[in-house]
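Scroll down for the structure; my scribbles are underneath it.
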Amino acid sequence: MNSEELASAVTEAAAKYAKRSKAPHMKLLNLDKLWENVFMRSIRKRGVDRFGAYVVLWDIATPWWSDTQVLIEDLVIRVFEDDDTVSLMDVVEFGLPMLAEENGCRWVFTGDTQALGYMGPKYMQAGYSELGSQFCKEIL
C-alpha cells in the first residue's frame, strides 16, 4: 500500500468514527490535516505503522517535565475491517512497546480520548499505569 492509499484509508476510517463519536473534541477534526499528517509520516517511514487491521500514529518526544525521550501514541484506529491477523490487545501490549524499543525509548505514553473510556481498561490489562486520562508503560 502506498502513502496516498494509506492516508486515504486512515482518513476514511476516522471520518466514519467521527460520525458516531460522542467525544466533544471531534468537532476539531480536520480530515485534510489528518490525511496530510498520515501521508507525510508514511513518506518519512516514521510515525505511522500498520498492525493487521490497525494503524498507529506515533511520535518520539521529550515531555516538558523530563529529559527522557518517550514514544507517544497519537492514534490507534481500526482501518482494515477484513484483517483479523492482529488484535487490538496485540497492538497495545506488543506493538507499541516494539515501536518504542525500535526507536530507543523505554517508555510508551498513550491516552484514551476518542473512545471515552473504551481503551483505558485495555491499556491497564496490557500493563500500563494510569496517569489521569493518560497511560504509560516502561519497556524493560
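Being assigned to a loop (DSSP other than H, G, I, E, B), within 26 Å of residue 9 (Cβ to Cβ) and modelled with pLDDT under 95 holds for only one residue in 140, 116, and it is 116. One residue alone among 12, 5 is out of contact with any Lys or Arg (no Cβ under 8 Å at 6 or more places or on another chain), loosely packed, with under 13 Cβ neighbours inside 10 Å, modelled with pLDDT of 95 or more and part of a helix (DSSP H, G or I), and that residue is 5. Among strands (runs of 3 or more DSSP E) entirely within the range 43-101, having at least 2 residues that are surrounded by fewer than 19 Cβ atoms within 10 Å (Cβ to Cβ) singles out 54-61, 70-78. All of (1) loosely packed, with under 13 Cβ neighbours inside 10 Å; (2) of a type in the set (A, V, I, L, M); (3) not in a loop (DSSP other than H, G, I, E, B) hold for residue 26 with one exception: (1). Scan the range 58-111 for residues that are of a type in the set (Phe, Trp, Tyr), farther than 15 Å from residue 129 by Cβ and in contact (Cβ under 8 Å) with a residue 12 or more places away in the chain and the total you get is 2. A residue that is at pLDDT 95 or above and out of contact with any Cys (no Cβ under 8 Å at 6 or more places or on another chain) occurs nowhere in the range 20-28.
The values are calculated or read from the model by the stated rules, or taken from the named source; none is laboratory data. If you're wondering where the values come from, they're calculated on a predicted model, not measured in any experiment. No Cβ is skipped: glycine too gets one built from the backbone with ideal geometry, and neighbour counts run over all protein chains shown.
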